[in-house]
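These notes concern the structure reproduced below.
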Amino acid sequence: MPTSDLIVIGGGIVGLATAYKYQQQFPGRSVLLLEKESELAAHQTGRNSGVLHSGIYYKPGSLKAKNCREGKLAMEAFCQAEGVPYDICGKVIVALSDEELPRLDNIYERGQANGVKCEIISRERLLELEPHVAGIRAIHVPETGIVDYPMVCKKLAERIVAGGGEIKLGTAALGFKSDGATTIVETIAGGFAARQVVNCAGLYSDRVAALTGEEPPAKIIPFRGEYFELKHDAEHLVKNLIYPVPDPAFPFLGVHFTRMINGGVECGPNAVLAFAREGYFKSTINIPELAESLTYPGFLRLAAKYWKMGADEMWRSVSKRAFVRALARLVPEIKAEHLVAAPAGVRAQALMRDGSLVDDFLIESHGNVVNVLNAPSPAATSALTIGDSIVERLAAARS
């Protein structure tokens, strides 16, 4: 059985970026990427809103903050070199009441600490940027952008293959065997041997880690993000990106408006527990996976803490009128007839047994395997620098 220098499991943007960065660091070494689907970027990467994040929200010094700032510049350079469309269009974070102003100031202070170009603006300036928005004050973040992440993945895959790497689709990992120096990844297509392995399996990263012999410190709980799109005759209501001031008592950002790089404006997301790890539709139910979520102590503690907000999210999931009310807080002219349903995404959220959300990237090593156990937003923005940090781990383990 031929032995690769590296096997990467998972064909989302983090897995592809890792394989690409490994080839750049170690030209001539063999790389094999395994993806269980028949196409790349089929899950989180291909179903997100395509934002190039600035890093304004993240705790200074965190992996998210560091990787987002450096990763955004690297992603822009990659897109420029590869002809991937992107647009540094800017966004506003809008305070709707006096009660939200201290939280707005806190976000601004984080942005300053993280080196983000941003400014607090008056309502008059806000209306110049977004004429149809509500709000009494805002933060303008001119360096936020939008990009086509599936095309980024296509270009990364082309670079990997051009560099001598191999990508196998429809090849799900089922198990692992190791003799210390070599790991065999058992798949539905047979076994593949490698000196080192990186698990970038996203929604299944905890399960793949468990197959390697590591007991993951957190479990992936899937949350479905539900969206609408503005009809063409309502797109003029949103110029670029409009976000609310996030509630620090709730782990998600709240519904917002995002102009898309390929046209159109996306509204959302509403965040609810998905009834399957790939539960993109309300009707998709995987009983074993749902039972796994509902019986996990961490989820039970999270649900007990956020039950009221969770109930609001569930109500918006079944009531378009309630969803419209949430959107109209930011853009009062929005009406139900302006909206059409858009494809949903599922966020792979790592959750500890004590009910705390893993708020930062979580990457752990186990022998000659590196497990990426939590890579939520801004992982797409940060993918190239995350790839660099993973390759650094691989190099240190091999030396």
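When 170, 213 are checked against the criterion of being part of a loop (DSSP other than H, G, I, E, B) and at pLDDT 95 or above, 170 stands alone in meeting it.
From the set of residues in the range 92-111 that are more than 21 Å from residue 255 (Cβ to Cβ) and within 23 Å of the chain's Cα centre (by Cα), which is surrounded by the most Cβ atoms within 10 Å (Cβ to Cβ)? So, considering only residues that are more than 21 Å from residue 255 (Cβ to Cβ) and within 23 Å of the chain's Cα centre (by Cα), the one surrounded by the most Cβ atoms within 10 Å (Cβ to Cβ) is 111.
Residue count for the range 284-342 under the criterion of being of a type in the set (Lys, Arg), within 21 Å of residue 245 (Cα to Cα) and free of Cβ contacts under 8 Å to residues at least 24 places away in the same chain: the result is 2. Would you confirm, using the coordinates I've provided, whether residue 365 is outside any helix (DSSP H, G or I) and either surrounded by 15 or more Cβ atoms within 10 Å (Cβ to Cβ) or out of contact with any Pro (no Cβ under 6 Å at 6 or more places or on another chain) (or both)? Judged against the criteria, residue 365 is a match.
Yes/no matrix, rows are residues, columns are (1) modelled with pLDDT of 95 or more; (2) more than 17 Å from the chain's Cα centre (by Cα); (3) of a type outside the set (Phe, Trp, Tyr); (4) surrounded by fewer than 19 Cβ atoms within 10 Å (Cβ to Cβ):
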| residue | (1), (2), (3), (4) |
| --- | --- |
| 22 | yes, yes, no, no |
| 35 | yes, yes, yes, no |
| 57 | no, no, no, no |
| 79 | yes, yes, yes, no |
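Which ranges mark the helices (runs of 4 or more DSSP H) fully within the range 63-143 that have 3 or more residues being at positive phi and touching a residue at least 40 places away in the same chain (Cβ under 8 Å)? Once the helices (runs of 4 or more DSSP H) in the range 63-143 are filtered for at least 3 residues that are at positive phi and touching a residue at least 40 places away in the same chain (Cβ under 8 Å), nothing remains. If the condition is being assigned to a loop (DSSP other than H, G, I, E, B), surrounded by fewer than 14 Cβ atoms within 10 Å (Cβ to Cβ) and of a type in the set (Lys, Arg), then the range 302-352 contributes only 335. For residues that are out of contact with any Lys or Arg (no Cβ under 8 Å at 6 or more places or on another chain), more than 15 Å from residue 386 (Cβ to Cβ) and of a type in the set (D, E, K, R), tally how many sit in the range 44-66. Residues flagged as out of contact with any Lys or Arg (no Cβ under 8 Å at 6 or more places or on another chain), more than 15 Å from residue 386 (Cβ to Cβ) and of a type in the set (D, E, K, R) within the range 44-66 amount to 1.
Among the candidates 299, 275, single out the residue that is farther than 26 Å from residue 360 by Cβ, modelled with pLDDT of 90 or more, among the aromatic types (Phe, Trp, Tyr) and crowded, with 16+ Cβ neighbours inside 10 Å.
275
The values are calculated or read from the model by the stated rules, or taken from the named source; none is laboratory data. This one's a predicted model, so the numbers in the text were calculated from it and none came from an experiment. Because the Cβ atoms are built from the backbone with ideal geometry, glycine has one as well, and the counts that use them run over all protein chains shown.
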